[in-house]
Each structure stands twice: as C-alpha cells, then as structure tokens.
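Input: a single structure, listed below in structure tokens.
The values are calculated or read from the model by the stated rules, or taken from the named source; none is laboratory data. Predicted, not measured: the structure shown is a model, and the values here were computed from it. Quick reminder, even Gly has a Cβ in these numbers, built from the backbone with ideal geometry, and neighbours come from all protein chains shown.
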Amino acid sequence: MSSVRALQSHSRVVGALMMRELITRFGRDGLGFLWLVGEPLLFCLGVLGLWALIRPEYEHGVRLGPMVMTGYMALLLLRHQIGWSLNALSANQGLLMHRGVAVLHLYLARNLLEFLGATAAFAAVYVLLAALGQVGPPQDWTLMYGGWGLLGLMGFGLALIFAGLAQRYAVMERIVPLLTYAMIPISGAFFMVSWLPPAVQEAVLWIPLPHAVEMLRAGVFGEFVETHWNPVYASVWSGILILLGLALTAGARDRLETE
C-alpha cells in the first residue's frame, strides 16, 4: 500500500506541474492551452501542404499524406520533448524549494505535456487526412500505439540526456538544436527502410529510432507496405536511453545550488 500511496503522491505532483506549465506557457487568454495541440498541428499541415506542391502523390507506392504525417509528427514529438527539457530546471528552479518536488518531476511534466499535445495533433491530422480520403483507418491499432509510445519513451530518454549534458556544459544549449536537425536523416521520418539498398538497410536498423517509426507506419499502412522493425530492440534502447538520461541528470539539484 505504501508504494501505491507513493505513486499517487508522485502523480499528483506531476499533474500539478503540468497544469502550472500550461498556464505559465500559454496563459489563460485566447486559445491558451489549445496551442499545445495547435502548434505541432500547424507545423505538420504546413509541411504537408508544401510537400503536396513539390512531390508526387505517391512515392514507392506509398501515399504522400500519411507518409509525411507519420514521419513529421514523430520528428516533432522528439524535437519538442528535447527542446522543452533543456531549460526545465532553470525555468522552475524555485519549485525545487518544495520538499515534494523532485528534479525528475519537472522533466516528466514537460515530456508528458509534449507527448499529449503531439498525440492530439497526430489524431487531428489523421482525422483530416481521412476526411480527405488520403488515409484509411489504422490497419493495426496495437502497432500504431506501440510505435508512438516507443517514440515517446525514446524522446524522454534523449531529452534527459541532452538536458543533463546542457547542465554540465553551457555550450550544449547551442549545439542541441543542431543535433536535433542532424537526427532528421537518421530518424526514418522521411524515408522507409524498404526503399534503401539492402546493405544500407542493415546499417540503418542499428539505429533505434527507425524501428519505432516503422512500427507506427506498419500500424497505419498494414501488410500492404513493407516495413522493418524489431520491438524488443527498440524497447531495450528506450530503457538504455532513459537510464543514461537519469544518470546524467542525477545530482542536478546540487549543481543548481552551487552555480
């Protein structure tokens, strides 16, 4: 029972921090917290519109709309999780004076917010494309949820890693945006593994991110589109990234106090 009470206590802290983050970031006027969904939604629709003007409707037998939707929304999720975690401590340093608030609570609150916002935006884009006849219902809901969930876990791990490095080395705050751009060609966001030569496929599948993206696409497209993914490999890497991130952020409170 004590573990259950502890979990409930942590959940209440994270929930309160999420509500506070919504208010401080988006305010109470205008659209307010709806921008959490609106921002990634507008980005994705903009990219969809641009690609529709310059690219053919089908590429390698895959329709452009759902291809961009699955790839770009996955990329946005990762970039937002990483970007909003970099200054999570410095922006909320005063909250650490409260005994019940831990460093991990701050990171969890921001990452959960970004995950929920990106998930809602993904659903909105999906419904819009379905209404336009660009995509049908998901062929495998479990695969789609599993791929998206693994992306969220990997994003959380990467966010912790980059945040821990940024706290140790100030220059990382300038380098991380460049690193997130460097993730684009290796993430699998704008290509499918089956499009690559066999030797390149083998090299790409050593990278964990394409496995989650391919799982997501397998859930959307089904067996009619060739996908390559290993859920165990992706899950193990998610755990490794999170553990490494936790190690890098350990002692963050003490480092803040000595600055």
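Here are the numbers:
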{"quantity": "Subset of the stretch 207-259 (residues that are at pLDDT below 95 and among the aromatic types (F, W, Y))", "calculated": "F221, F224, W229"}
{"quantity": "Hits in the stretch 109-143 (condition: under 20 Å from I242 (Cα atoms) and either in contact with a Cys (Cβ under 8 Å, 6 or more places away or on another chain) or surrounded by fewer than 20 Cβ atoms within 10 Å (Cβ to Cβ) (or both))", "calculated": "L112, L116"}
{"quantity": "Candidate set: the stretch 197-223, residues that are assigned to a helix (DSSP H, G or I), hydrophobic (A, V, I, L, M, F, W, C) and without any contact (Cβ under 8 Å) to a residue 40 or more places away in the chain; chosen: the one surrounded by the fewest Cβ atoms within 10 Å (Cβ to Cβ)", "calculated": "A199"}
{"quantity": "Which listed residue is in contact with a strand residue (DSSP E or B) (Cβ under 9 Å, 6 or more places away or on another chain), crowded, with 17+ Cβ neighbours inside 10 Å and in a helix (DSSP H, G or I), from M67, M73", "calculated": "M67"}
{"quantity": "Enumeration of residues in the stretch 129-150 that are part of a helix (DSSP H, G or I) and within 19 Å of L48 (Cβ to Cβ)", "calculated": "L129, A130, A131, M144, W148"}
{"quantity": "Qualifying residues in the stretch 93-108 (those that are in a helix (DSSP H, G or I) and hydrophobic (A, V, I, L, M, F, W, C)) - the one surrounded by the most Cβ atoms within 10 Å (Cβ to Cβ)", "calculated": "L106"}
{"quantity": "Of all residues making up the stretch 20-31, the number that are at pLDDT 70 or above and surrounded by 11 or more Cβ atoms within 10 Å (Cβ to Cβ)", "calculated": "5"}
{"quantity": "Hits in the stretch 180-196 - residues which are buried (at least 17 other Cβ atoms within 10 Å of the Cβ), in contact with a Ser or Thr (Cβ under 9 Å, 6 or more places away or on another chain) and in a helix (DSSP H, G or I)", "calculated": "V193"}
{"quantity": "Residue that is farther than 26 Å from V103 by Cβ, at pLDDT 70 or above and of a type in the set (A, V, I, L, M, F, W, C), where the choices are L34, L48, L17", "calculated": "L48"}
{"quantity": "Residue list for the stretch 76-92, filter: touching a helix residue (DSSP H, G or I) at 6+ places or on another chain (Cβ under 6 Å), in a helix (DSSP H, G or I) and among the polar types (S, T, N, Q)", "calculated": "Q81, S85"}
{"quantity": "Residue, modelled with the highest pLDDT, within the stretch 93-143, restricted to residues that are over 17 Å from A74 (Cβ atoms) and among the β-branched types (V, I, T)", "calculated": "T142"}
{"quantity": "Subset tally (residues that are more than 30 Å from E21 (Cα to Cα), among the small types (G, A, S) and without any contact (Cβ under 8 Å) to a residue 24 or more places away in the chain) for the stretch 55-93", "calculated": "0"}
{"quantity": "Any hit, the stretch 154-176, residues being at pLDDT 85 or above and under 19 Å from C44 (Cα atoms)", "calculated": "yes"}
{"quantity": "Some residue of the stretch 68-76 being polar (S, T, N, Q) and either at pLDDT below 70 or within 18 Å of the chain's Cα centre (by Cα) (or both)", "calculated": "yes"}
